[in-house]
Amino acid sequence: MDRISIDGICATGYHGVFDFEKREGQEFRIDVVLHVDITRAALSDNVVDTVDYGAVSQLVVEQIKAGPWDLIEKLGLQIADAILGTWPTVATVDVVVHKPQAPIPVPFSDVSIALTRHQQLHTAIIALGANLGDSQGTLRAAIAELAEHVQVLQTSPVAITKPVGGPADQPDYTNQVIKVRTTLGPHELLDLAQRIEANHHRTRQVRWEARTLDLDLITYDQLELDDERLTLPHPRAHIRGFVLAPWSWMDADAVLHGQLVSRLAQSAADTKDIIRL
């Protein structure tokens, strides 16, 4: 995982056990390290694709000025939670709180506490398909590429399926479904899937055309989402046997829209033609 480090963010805060500390205040100094994938930003050279360290610094100052708290342990936790809550792409944050003017009756140079907190993990279902080239090899490669960024929890058996929609005379598809755990948000996971598709020369010229690789985000936790880029759960997953059948083979208890995926698979028009490998 890549890292963004910001050291020595300073502001006056009013934290401490003693009344005079809350009344008079003192300087606090904060170091933060953000563990985040910067691949997209490195490729785009666009600030919107990274974590704005200026905004992070301002948020840290806001937390220093908030409170007051008795303990710097509390201040450190507030900072970590605020960063993780504001930037879901940050997988882990390290925070060090320095209190160099702490009321200690002996000579010293600094007092500090350090803590590490992790982003909440999310579970997603991803459907994979391909019908050009070495389809089975492509799916294996795509799963391996996903595993570099997310934890692959389960992988379904491979299915050979007939094309649904799109131009006539397409080759049969190879399909799989996987379950992953990730710190990525839904749009970041979609970005990752599309980068992997591009690595395998995926084109989008004709709807439902033959393709080297297709990665569809089917569900993301229990999230319901509908925006210009992404609809969750996938709007057609409940009628697609080529998604439902391998998903049910992988997880007999899986549920979609309040129904067992296995029962939805039985009702899907294309399920009868699916071959399980």
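The values are calculated or read from the model by the stated rules, or taken from the named source; none is laboratory data. All of these numbers come straight from a predicted model, not from anything done at the bench. With ideal geometry, Cβ positions are generated from the backbone for all residues, glycine too; neighbour counts draw on all protein chains shown. Areas reflect the complete protein model, heavy atoms only, side chains present, ligands, DNA and RNA absent. Shrake-Rupley method; radii C 1.70, N 1.55, O 1.52, S 1.80 Å.
Under a 1.4 angstrom probe, counting protein chains only, how are ARG40, ARG202 ranked by accessible area, largest first? Intermediate results must be reported in sequence, preceding the final value.
Working: ARG40 95, ARG202 45 Å².
The ordering from most to least exposed comes out as ARG40, ARG202.
Can you tell me how region 151-194 classifies by the Cα gyration tensor, rounded, prolate or oblate, using a/c under 1.5 as the rounded cut?
Details: a/c = 4.71, a/b = 1.75, b/c = 2.70.
It is oblate, given that a/c is not under 1.5 and a/b is not larger than b/c.
Under a Cβ-only charge scheme (Lys and Arg +1, Asp and Glu -1), can you give me the dipole magnitude of region 115-215 about the Cα centre, in debye to the nearest 20? Before the final figure, lay out each step's value.
On the way: 10 positive and 10 negative charges, 53 e Å.
Computed about the Cα centre, the dipole is about 260 debye.
Taking Rh as the Kirkwood radius computed over C-alpha pairs, what is the Stokes-Einstein D of region 1-73 at 4 °C in a medium of viscosity 1.567 mPa s, expressed in µm² per second?
93
Within the chain, which complete DSSP H helices have Cα atoms spanning at least 15 Å along the helix axis and a mean Kyte-Doolittle hydropathy of 0.0 or higher?
Values: long enough: 53-65 (18 Å, 0.45); 72-86 (21 Å, 0.84); 135-147 (18 Å, 0.45); 186-199 (20 Å, -0.52).
In the chain, the long hydrophobic H runs are 53-65, 72-86, 135-147.
Over region 67-162, what percent of the accessible surface lies on carbon and sulfur atoms, probe 1.4 Å?
Working: 2440 of 4470 Å².
C and S atoms contribute 54 percent here.
Between region 210-233 and region 149-201, what is the separation of their alpha carbon centroids in Å?
10
In deg cm²/dmol and to the nearest 500, what is the mean residue ellipticity at 222 nm of the chain if only DSSP H runs of at least 4 residues count, each as -39500 (n - 2.57), divided by the residue total? Before the final figure, lay out each step's value.
Values: 8 runs with 84 residues, N = 277.
After summing the helix terms and dividing by residue count, I get -9000 deg cm²/dmol.
If eta is 1.567 mPa s and T is 4 °C, what Stokes-Einstein diffusion coefficient results for region 66-222, Kirkwood Rh from Cα pairs, in µm²/s? Intermediate values should be presented prior to the final figure.
Working: Rh = 18.8 Å.
My calculation gives 69 µm²/s for D.
How do LYS179, LYS99, LYS272 rank by accessible surface area computed with a 1.4 Å probe, from largest to smallest? List each step's numbers first, then the result.
Values: LYS179 55, LYS99 20, LYS272 160 Å².
Listed by decreasing accessible area, they come as LYS272, LYS179, LYS99.
Using every pair of alpha-carbon atoms in the chain, split the distances into 10 Å bins beginning at 0 and state the percent of pairs per bin, rounded to integers.
For the chain, the binned pair fractions read 6, 25, 25, 16, 13, 9, 5, 1, 0 percent.
Projected onto the charge dipole of region 178-268 (+1 at Lys/Arg Cβ, -1 at Asp/Glu Cβ, origin at the Cα centre), which of ALA210, GLN259, ASN199 gives the Cα projection farthest towards the positive end?
Of ALA210, GLN259, ASN199, it is ALA210.
Rounded to the nearest 20 debye, what is the charge dipole size of region 153-277 about its Cα centre when +1 sits on each Lys and Arg Cβ and -1 on each Asp and Glu Cβ? If you can, show how the numbers build up before the last one.
Working: 14 positive and 17 negative charges, 65 e Å.
The calculated dipole for region 153-277 is roughly 320 debye.
Hey, what's the Cα Rg ratio for region 179-277 versus the globular rule of thumb, 2.2 N^0.38 Å? Mind dumping the intermediate values first?
Working: Rg = 14.3 Å, N = 99, 2.2 N^0.38 = 12.6 Å.
Scaled against compact globular proteins, the figure is 1.13.
Show me the three semi-axes of the equivalent ellipsoid for region 227-270, from the C-alpha gyration tensor (sqrt of 5 times each eigenvalue), largest first, rounded to whole Å. Spell out each step's value before the answer.
Numbers: eigenvalues 70, 26, 16 Å².
The three semi-axes for region 227-270 are 19, 11, 9 Å.
With +1 on each Lys and Arg Cβ and -1 on each Asp and Glu Cβ, how big is the dipole of the chain about its Cα centre, in debye rounded to the nearest 20?
Details: 24 positive and 37 negative charges, 153 e Å.
The dipole magnitude comes to about 740 debye.
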